[in-house]
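The block underneath contains the structure these notes are about, expressed in structure tokens.
The values are calculated or read from the model by the stated rules, or taken from the named source; none is laboratory data. Just so it is clear, the structure is predicted and the values come from calculations on it, not from any experiment. In this analysis, Cβ positions are derived from the backbone assuming ideal geometry, glycine residues included, and neighbour counts consider all displayed protein chains.
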Amino acid sequence: MVHNFFSEWSQIQAYILKFEQEGLVTRTFRRLDPERQQVIVQAILDEAAEKGPTAINIKQVAERAGVAVGSLYQYFNNRDGLMAFSTALTVSLLTDAFGLFRPFLVEMPLKDALRSYLSGGMEWSQTMQGLIQFYGRAAYTGDPALAETVVRPVAVAMRETMFEMLTAAQARGELRQGLDLETAARAVNAWVIVLADSQMLPYLNTYFQISDETAPFDHVLESALSIIEKGLLE
């Protein structure tokens with residue numbers, strides 16, 4: 001469901017208009033052909049994912065996008081403006097995505113919801129690889145500024161989504177009474193992040209050792225969901 005909402009670039013035009021009103025992009029950028037906008041945004045995200053969000057080189061972004069450096073300054077005013085735009089786009093897309101599919105997840109039986117949460121997010125990540133890699137670098141580099149502007153808003157949306165899923169499951173009688181939903185949501189959310197990030201950011205799988213040829217991810221996922229479900233019931 002997330003995939004369908006964001007798979008077409010035309011869906012992102014509302015963000016660009018909003019960012020123009022906030023001064024993060026210029027009218028010149030907003031008036032570009034959507035395909036050209038997408039190339040430029042992808043170049044920014046790819047540069048940030050490769051070198052780290054705080055080490056974006058505007059000349060390299062221009063090369064990746066096939067535009068003149070002067071054109072980028074016409075679109076974003078300066079390097080900081082370019083960085084602010086990419087940060088705002090990442091946070092807006094990810095947090096709004098959680099808001100979109102949260103009502104559907106809350107209505108599902110918990111195990112089905114967790115499976116859809118993981119599989120849907122990973123499917124969507126394939127259409128937005130640059131954005132996911134950008135966020136991954138922000139989340140795992142430990143930069144204090146990015147922690148507050150990029151990581152925290154998305155992380156809070158994830159944790160709140162999990163809390164609402166567990167709250168609804170308890171109301172349906174799926175979970176044991178007396179369960180501390182706040183701490184349980186945090187624990188399950190952390191486990192889900194490890195599972196998903198190991199697949200969306202493959203370099204992490206080397207550390208987490210979630211899956212390999214002897215343990216396919218779908219088998220690991222089913223085991224994890226069963227363990228989570230059992231832990232919340234007993």
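Some observations on this one:
- Pair list, Cβ < 6 Å and 6+ apart or interchain, from the stretch 23-42 residues that are over 16 Å from Asn77 (Cβ atoms) to residues that are surrounded by 15 or more Cβ atoms within 10 Å (Cβ to Cβ): Val39/Ala65; Gln42/Gly130
- Subset tally (residues that are free of Cβ contacts under 8 Å to residues at least 12 places away in the same chain and within 23 Å of Gln129 (Cβ to Cβ)) for the stretch 214-234: 2
- Subset of the stretch 22-36 [closer than 17 Å to Gly70 by Cβ and either among the hydrophobic types (A, V, I, L, M, F, W, C) or in a helix (DSSP H, G or I) (or both)]: Val25, Arg27, Thr28, Phe29, Leu32, Arg36
- When the stretch 192-203 is filtered for residues that are buried (at least 17 other Cβ atoms within 10 Å of the Cβ) and more than 24 Å from Asp96 (Cβ to Cβ), only Ser198 remains.
- Residue ID - modelled with the highest pLDDT, chosen from residues in the stretch 38-88 that are within 18 Å of Ile132 (Cβ to Cβ) and part of a loop (DSSP other than H, G, I, E, B): Ile56
- The listed residue being more than 15 Å from Asp197 (Cβ to Cβ) and either surrounded by fewer than 18 Cβ atoms within 10 Å (Cβ to Cβ) or out of contact with any strand residue (DSSP E or B) (no Cβ under 9 Å at 6 or more places or on another chain) (or both), out of Leu72, Leu94, Leu118: Leu72
- Test: residue in the stretch 199-208 that is within 16 Å of Arg137 (Cα to Cα), touching a helix residue (DSSP H, G or I) at 6+ places or on another chain (Cβ under 6 Å) and not in a helix (DSSP H, G or I): yes
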